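Below is one structure, written out as structure tokens; the observations come after it.
What follows is calculated from the coordinates using simple rules that are stated; it is not laboratory data. All values reported here derive from a predicted model rather than from experimental measurement. No Cβ is skipped: glycine too gets one built from the backbone with ideal geometry, and neighbour counts run over all protein chains shown.
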Amino acid sequence: MKKIIESYGSRISENTISKETSIGSHNTVASYLDLAENLFLLKVFRKIESNKINNKSFKKIYFVDPFIYRVMKRYTKGLGTVEESEIPHIIEGIVGEHLAREYGRVGYTFFKGGKEVDFVVGNLGIEVKWGRGDYKDLKMDRGYVLTFDDMELGENKAILPVSVFLYLMSSNKIFYEL
């Protein structure tokens with residue numbers, strides 16, 4: 001778990017985890033990741049290429065709940081507080097978990113030249129940019145850039161606050177069935 005906490009939300013392979021820990025092989029790491037996913041501890045996002053999931057490529061791993069992240073961080077590193085630099089990764093994980101619950105087949109994509117899209121659902125890209133700065137380039141034709149508080153609507157792309165996006169994504173299932 002310590003290696004997952006250190007590379008939280010970054011692309012990582014089973015081989016890297018097995019080499020940098022005492023776990024014997026990448027197959028064992030893959031089994032552990034599957035187990036952690038089945039126990040609702042972790043969510044593993046796989047790379048999507050040409051609308052197909054690439055199981056052999058790097059994965060992005062997030063904890064299902066920020067509380068689990070904090071507990072594991074305390075258990076493995078002795079630190080229970082969340083640092084300011086970790087908040088964007090935690091927010092990204094929250095968005096990914098919500099997308100996975102709503103749509104099932106969610107992954108990420110990576111383009112040559114280092115351009116990554118955090119999440120892909122069908123032909124839509126979702127990029128999480130927590131903080132302020134120039135984040136208008138989605139790197140895909142259609143989708144959303146999620147920010148702390150900015151909003152700008154376009155024809156095929158929209159910049160929305162994370163809170164608004166999460167509300168709109170599941171509002172018809174949560175608030176209107178009462």
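Over segment 33-101, all Cα pairs binned in 10 Å intervals from 0 give whole-percent P(r) values of 19, 47, 28, 6, 0, listed from short to long. Please return the longest range in the chain lying between exposed loop sites, taking chymotrypsin sites (Phe, Trp or Tyr not before Pro), DSSP loop only, at most 14 other beta-carbon atoms within 10 Å, and leaving the sites out. That gives 41-147 as the longest site-free run.
On the principal axes of its alpha-carbon atoms, the chain has extents of 50, 36, 36 Å, going from largest to smallest. Taking θ as phi - 60° and the Karplus parameters 6.51, -1.76 and 1.60, the scalar couplings of segment 101-114 work out to 5, 7, 10, x, 8, 10, x, 9, 9, 9, 9, 4, x, x Hz in sequence order, x denoting glycine and proline. Converting phi to 3J(HN,Hα) with the Karplus coefficients 6.51, -1.76 and 1.60 and the offset θ = phi - 60°, segment 40-52 yields 6, 9, 10, 10, 9, 9, 9, 6, 10, 10, 6, 6, 10 Hz in sequence order, with x at every glycine or proline.
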